[in-house]
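*Asks:* For reference, the structure I am asking about is given below.
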Amino acid sequence: MASFVNDLARYVDFDKQSLLVSACSIAFNPLFWNIVARQEYRNKLLTNIFGGHSRAACYALAATIFSLGMVRDFVFKNAIAEQPTHPLLLTPYVQAAAIVLFLTGNVLVVTSTWSLGITGTFLGDYFGFLMDEMVTGFPFNVTGAPMYWGSTMSFLATALYYGKPAGLLLTVWVYIVYVVALRYEDPFTAGIYAKREQERAAGKKQN
Ligand SMILES: *[C@@H]1O[C@H](CO)[C@@H](O)[C@H](O)[C@H]1NC(C)=O
């Protein structure tokens with residue numbers, strides 16, 4: 001295993017600047033949306049920019065995050081295109097695995113967006129658009145963060161499909177970035193919902 005990893009590492013060209021650019025764009029996206037969303041939550045930053053229209057502001061953020069995702073994927077594809085290909089990754093089994101991973105990852109992303117809606121998917125809770133109750137059906141009954149793991153699977157699939165060890169390395173980076181993002185986001189979102197429960201309870205007492 002160790003020698004296999006060593007072997008893969010020899011197929012990563014660290015001198016290519018595009019590798020670093022891709023790593024930066026992968027880290028930038030969650031940083032961006034967390035900073036902006038918390039500014040919205042605390043100071044209504046986007047709602048104020050949109051003249052008090054929270055829903056328009058949330059849709060604009062959704063469109064921005066979606067576009068940044070497309071840029072990141074484009075930069076990733078360009079970066080790995082410049083990298084060496086490992087012949088062992090071009091075997092039919094690996095190729096088949098890549099296709100299965102790609103399809104599974106996209107099913108997770110599309111179905112979770114479908115069940116949460118646009119505001120539920122793209123940080124609507126920071127704008128005050130809270131879900132009435134937790135969504136527990138598919139894909140949330142198979143994984144806690146289907147968007148993130150679906151996206152990670154797509155990166156892995158692309159790296160394998162093109163036979164690029166550098167793509168595998170960037171996928172590990174995607175995974176680390178998402179684990180860190182979840183550690184930061186989950187407690188905050190839980191806090192937003194806990195606050196609503198408190199307010200609901202207080203409201204009931206007054207009646
Ligand atoms: C998740 O829910 C779907 C229906 O919403 C169901 O078909 C599937 O078996 C469930 N999966 C698990 C692992 O519970």
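The values are calculated or read from the model by the stated rules, or taken from the named source; none is laboratory data. Keep in mind the model is a prediction, meaning the values are calculated, not measured. Cβ atoms come from the backbone with ideal geometry, glycine included; neighbour counts cover every protein chain shown.
*Asks:* Every residue in the range 158-207 that is more than 30 Å from Ser18 (Cα to Cα) and of a type in the set (Lys, Arg), please. Let's see the steps before the verdict.
*Replies:* From the range 158-207, those more than 30 Å from Ser18 (Cα to Cα) are 186-207; that's our starting set.
Answer for the range 158-207, where residues must be more than 30 Å from Ser18 (Cα to Cα) and of a type in the set (Lys, Arg): Lys195, Arg196, Arg200, Lys204, Lys205.
*Asks:* What number of residues within the range 98-115 are among the aliphatic types (A, V, I, L, M) and surrounded by fewer than 16 Cβ atoms within 10 Å (Cβ to Cβ)?
*Replies:* Initial filter on the range 98-115 (among the aliphatic types (A, V, I, L, M)): 98-101, 103, 107-110.
Of the ones still in play, those that are also surrounded by fewer than 16 Cβ atoms within 10 Å (Cβ to Cβ) are 99-100, 103, 107, 110.
Adding up the residues that qualify gives 5.
*Asks:* Of all residues in the range 43-63 being without any contact (Cβ under 8 Å) to a residue 12 or more places away in the chain and within 23 Å of the chain's Cα centre (by Cα), which is nearest to Phe14 (Cα to Cα)?
*Replies:* Step one: list which residues in the range 43-63 are without any contact (Cβ under 8 Å) to a residue 12 or more places away in the chain, which gives 43-45, 48-53, 56, 63.
Next cut, within 23 Å of the chain's Cα centre (by Cα) only: 45, 56, 63.
Working: Leu45: 39, Ala56: 42, Ala63: 33 Å.
My answer is Ala63.
*Asks:* Moving on to the next point. How many residues does the range 115-166 contain that are within 15 Å of the chain's Cα centre (by Cα), more than 16 Å from the ligand (Cβ to nearest atom) and part of a loop (DSSP other than H, G, I, E, B)?
*Replies:* The qualifying residues number 2.
*Asks:* Still on this structure: Does any residue in the range 156-173 that is modelled with pLDDT of 95 or more come within less than 6 Å, Cβ to Cβ, of a residue that is aromatic (Phe, Trp, Tyr) and assigned to a helix (DSSP H, G or I) six or more places away or on a different chain, and which pairs are these?
*Replies:* The qualifying pairs are Ala157/Phe102; Thr171/Phe155.
*Asks:* Here is a further query. When you go through (1) under 23 Å from Arg183 (Cβ atoms); (2) surrounded by fewer than 16 Cβ atoms within 10 Å (Cβ to Cβ) one by one for Asp13, which number turns out not to apply?
*Replies:* (1)
*Asks:* Just for the range 61-76: of the residues that are of a type outside the set (Phe, Trp, Tyr) and touching a helix residue (DSSP H, G or I) at 6+ places or on another chain (Cβ under 7 Å), which one is surrounded by the fewest Cβ atoms within 10 Å (Cβ to Cβ)? It would help to see each step written out before you state the result.
*Replies:* Quick first cut of the range 61-76, residues of a type outside the set (Phe, Trp, Tyr) only: 61-65, 67-73, 75.
Restricting the remaining residues to those that are touching a helix residue (DSSP H, G or I) at 6+ places or on another chain (Cβ under 7 Å) gives 61-62, 65, 68-69, 71-72, 75.
Values: Leu61: 23, Ala62: 18, Ile65: 18, Leu68: 16, Gly69: 14, Val71: 12, Arg72: 20, Val75: 17.
For the range 61-76, the residue satisfying everything is Val71.
*Asks:* Quickly run through the range 64-87 and pick out the residues that are assigned to a helix (DSSP H, G or I) and not aliphatic (A, V, I, L, M). Even if it seems obvious, please write down each step before you answer.
*Replies:* Initial filter on the range 64-87 (assigned to a helix (DSSP H, G or I)): 64-81, 87.
Scanning the range 64-87 gives Thr64, Phe66, Ser67, Gly69, Arg72, Asp73, Phe74, Phe76, Lys77, Asn78, Pro87.
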